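In what follows, a single structure is set out as structure tokens and then discussed.
Readers should treat all values here as calculations from the given coordinates under stated rules, not as data from a laboratory. Note that the structure is predicted; figures quoted are calculated from it, not measured. So basically every Cβ, Gly included, is an ideal-geometry build from the backbone, and we count neighbours across all protein chains shown.
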Amino acid sequence: MNNQKATVLFHDALQRAVDVSLRWGREILTEITLVRDLRGRIRPVLSGQRDQLEKASLDGYRQALYETLGRYGFPPERALLFEEELTEPRAILGERRPVPGVEEEVKLYLLDRQVIGQDWMRDSLVRTSTNPRVTFYGIKGGVGRSTALVNWAWHLAEQGKRVLVFDLDLESPGVSSTLLPVEHLPDFGAVDWFVEDGVGQAEVIEPELVGISPLAQELAGEVMVVPAYGRLTGGYLPKLARCYAEFSGSQPMSWAERLNRLVESLEQRHAPDVVILDSRAGLHDIAAVLVTRMDADTLLFGIDSAQTWAGYRMLFEHWNRHPNVSAFRHRLQMVASLVPETGRDEYLRRYGEHAWDVFRDQLYDQAEPDDLEAFSFDLHDEAAPHAPWPIFWHRALQEFDPAEGGIDARTAQESLGRFMELADQWVMSATAEERS
């Protein structure tokens, strides 16, 4: 007979900790917060005072955790912590979330300490500015996101709008060089702001962060750009390496809060009609901040491929567990980019079906057809978040050179006409209530 214990792996450990905590929580009768550390190890923090809880139950709970969690637990003598023993319990436990599906008899929470990944599950930040914000995001790069952004900004300026664009794809800045030839770069860019803010003097360079794109110089409106780097940035990589610190001067502050400060400060200074945020692609935390925390509508770019839908399904599954998913899911919209020249109708039909599958499974409510309050849409509902806004592939878009000016009106209409029409309506006309 083999008495060797089965190895506990990461994906099993949390549920094991939940099961043990529910069983012993009914005896201990106090709040339990499961803290999962950066290695994935789990240790409960109990409210109340250690000497007021029944010792036999505590000892049983410790031993059960030790025997259940394997390498993802702690030795019995270190298996439990108490709030009274923490230096700043409110600050440490402030971001805990109730464990879903747990009966009220046991108050069980989870605090998941991660190096990255937490911003996908956090709420939108509060701001005082009222201009629309739009984030351009793609689960994968190379799908025409930046090209669409540049041309929509130009299109808005053609209508007389003041557009403020932030190039926040800091690892692969593209919008900066597309909208701002070298001679039009401001002195500094976003990376400079984060570095200077780290030592508490961001305000010194804030007046020199915005360049005016010559692309819109003949238009009624204006395209203002906060590039990733500026004329005086110097060494980019040493600054990039210091961009994501979670402090401002001597004060702890999340990167999301710092970015919101930067955006709001420049909104107040330049009074744009619309702000466009260019996000890096993929599941990185920087994208999470731009998609879920900046109080922005978000355009989700993608081509119809297995990789696209696998990536979005992974992201939507994560959002499915977001405690306030209803606060932002109505602000998402799929964009079908690089729609091929031939077989367009069939391509968009397949795209819509694949998008509907991931929305229906993860973000739409399961509801009866006559439930008008539910966030649920028919496959063929053209106003639904899954219904793709098309951008048709065109050689002129691939060869787009800002030094030559905007694309001609005919090409813009053929390739981007429907996309820009819908984006205009969605962002500039509809109120937040109408979109909800």
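Sorting the Cα pairs of segment 57-97 by distance into bins of 5 Å, from 0 upward, gives 5, 22, 21, 16, 23, 12, 0 percent per bin.
Per-residue packing, averaged as other Cβ atoms within 10 Å, sorts the ranges 67-75, 160-168 into the order 160-168, 67-75, beginning with the highest.
Taking only alpha carbon atoms, segment 1-149 gives an Rg to Rh ratio of 1.12, where Rh is the Kirkwood radius. As a calculated quantity, the FRET efficiency between Ala409 and Gln366 at R0 = 41 Å, using C-beta atoms, amounts to about 0.35.
For segment 252-398, the share of alpha carbon pairs falling in successive 5 Å distance bins from zero is 2, 8, 16, 20, 18, 15, 11, 7, 3, 1, 0 percent. The label point for Arg395 and the one for Val199, both projected 7 Å from the Cα toward the Cβ, are 5.3 nm apart. What you get for the chain, charging only the Cβ of Lys and Arg (+1) and of Asp and Glu (-1), is a dipole of about 1480 debye around the Cα centre. Note on Arg113 and Ala220: the model spin-label points, each 7 Å out from Cα along the C-beta direction, lie 5.7 nm apart.
Can you tell me the relative contact order of segment 1-84? Whole percent, Cα pairs under 8 Å, sequence separation 6 or more.
In percent, rounded to a whole number, it is 34.
Each Cα pair under 8 Å and six or more residues apart adds its separation to the average, and for the chain the resulting relative contact order is 16 percent. Against the empirical curve 2.2 N^0.38 Å, the C-alpha radius of gyration of segment 193-303 lands at a ratio of 1.13. At full extension, Glu317 and Arg350 could sit 9.8 nm farther apart than now, given 0.36 nm per residue minus the alpha carbon distance.
Taking 0.36 nm per intervening residue step and subtracting the Cα-Cα distance, what contour gain separates Arg78 from Ser124 on full extension?
12.9 nm
Antiparallel beta bridges, as assigned by DSSP with both residues in the chain, represent about 25 percent of the total such bridges. Comparing Leu363, Leu170, Leu111 in a Gaussian network model of the chain (Cα springs below 10 Å), the most mobile by mean-square fluctuation is Leu111. Placing dummy labels 7 Å off each Cα toward the beta-carbon, the span from Leu9 to Arg50 is 3.6 nm. Pairwise inverse Cα distances across segment 1-64, averaged and inverted, put the Kirkwood hydrodynamic radius at 13.1 Å. Multiplying the residue separation of Glu257 and Ala374 by 0.36 nm and removing their Cα-Cα distance gives an extension gain of 38.9 nm.
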